[in-house]
Amino acid sequence: MNLDTIKSLLQSQGYITDDYVSMSVFLAMTLNKALLIEGPAGVGKTEIAKVMAKALDTNLIRLQCYEGLDSNHAIYEWNYQQQLLFLKMSENQELSNTNLLESQLFSDKFLLKRPLLQAISQEKAPVLLIDEMDRADEEFESFLLEILSDWQITIPEIGTIQAKSIPHVIITGNRNRELSEALRRRCLYLWIDYPEFDKELEIVKQKVPQIDAQLALQITKFMQHLRHEKLNKVPGIAETLDWATALAAMHFDHLDKEIIESTLGVILKDWQDIRNTQLSLSELMEKVGVTSRL
């Protein structure tokens, strides 16, 4: 699979890509390396993994990170209830061979595979999405190192499980905290920023094909200027698409002050941002070229 094929696959799934994004995905697949993607929220980092899974016709296995995430929820855990039931049944059957009992007790039958173990247990290489890695504790990163280095997981009761196929790993982060150097060394790196005007407009037209051309243009201009305002939570392309979809569904063909004010909650998720934008709305509309009524 060459670079052009990767780019075509991504575009065939509706992902408007740049050459540097296609190159990063291609190199990650060629070198069997995880791809660490960082950037602001809502710029399409997670979407790359989803699109890759569809393009490669393979499973998408997602691990959503959060504070306090541990190996029981990320790698594996034992089905204790089933194990206890098995022990009770074994007592009734007077099973006396301790070694046999232990080997049956700690077998695949009672092993609950969580996303990381699932990913290396697939016959066909899946796409493993480790989403918002920076939300997890630093200690959790150590669990990943063995997988990303040797594509294996060690379970004390069973031993080391080698990957049946090497998954395509996408790790995303919003830079809520700095990830460790050990993790970064095991990954290729890609930074995705807010899209330029032309790219964002193209995304809007492709993702919301029913939208009026004038409305798409005005929405994109407004979002481009809005991101230069002092905001606590800068809206990404995800919010642009939500806004475009909502306005198109209401059959609007242009923006005006009333429409913008009544739908700011679609693109801004902080009350101070909404209030400040309302105060500077006339200036923003002037920059975009939108009058009170068109």
- Query: Condition test on residue 268, is it at pLDDT 95 or above, of a type outside the set (Val, Ile, Thr) and crowded, with 20+ Cβ neighbours inside 10 Å?
  - Reply: yes
- Task: Return the pairs, sorted by first residue and then second, in which the second residue is in a loop (DSSP other than H, G, I, E, B) and of a type in the set (Ser, Thr, Tyr), the first residue lies in the stretch 34-57 and is at negative phi, the beta carbons are less than 8 Å apart, and the residues are 6+ apart or on different chains.
- Result: 40/194; 43/194; 47/15; 48/15; 51/15
- Mind checking which residues of the stretch 128-185 are aromatic (Phe, Trp, Tyr) and outside any helix (DSSP H, G or I)? 151
- Message: For the condition more than 23 Å from residue 24 (Cα to Cα), in contact with a helix residue (DSSP H, G or I) (Cβ under 6 Å, 6 or more places away or on another chain) and not in a helix (DSSP H, G or I), what is the one hit in 211, 219?
- Response: 211
- Of everything in the stretch 227-239 that's part of a helix (DSSP H, G or I) and not small (Gly, Ala, Ser), which residue is farthest from residue 263 (Cα to Cα)? 237
- Go through (1) buried (at least 16 other Cβ atoms within 10 Å of the Cβ); (2) within 26 Å of the chain's Cα centre (by Cα) one by one and return the number of the condition residue 232 breaks. (1)
- Do you know which residues across the stretch 171-183 are buried (at least 16 other Cβ atoms within 10 Å of the Cβ) and either hydroxyl-bearing (Ser, Thr, Tyr) or over 20 Å from residue 61 (Cβ atoms) (or both)? 172, 174, 179
- When the stretch 1-25 is examined, which residues are found to be touching a helix residue (DSSP H, G or I) at 6+ places or on another chain (Cβ under 6 Å), part of a helix (DSSP H, G or I) and surrounded by fewer than 19 Cβ atoms within 10 Å (Cβ to Cβ)? 3
- Which one of these does residue 224 not meet: (1) surrounded by 14 or more Cβ atoms within 10 Å (Cβ to Cβ); (2) assigned to a helix (DSSP H, G or I); (3) touching a residue at least 60 places away in the same chain (Cβ under 8 Å)? (3)
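The values are calculated or read from the model by the stated rules, or taken from the named source; none is laboratory data. These numbers come from a predicted model, not from an experiment. All Cβ positions, even for glycine, are placed from backbone atoms using ideal geometry, and neighbour counts span all protein chains on display.
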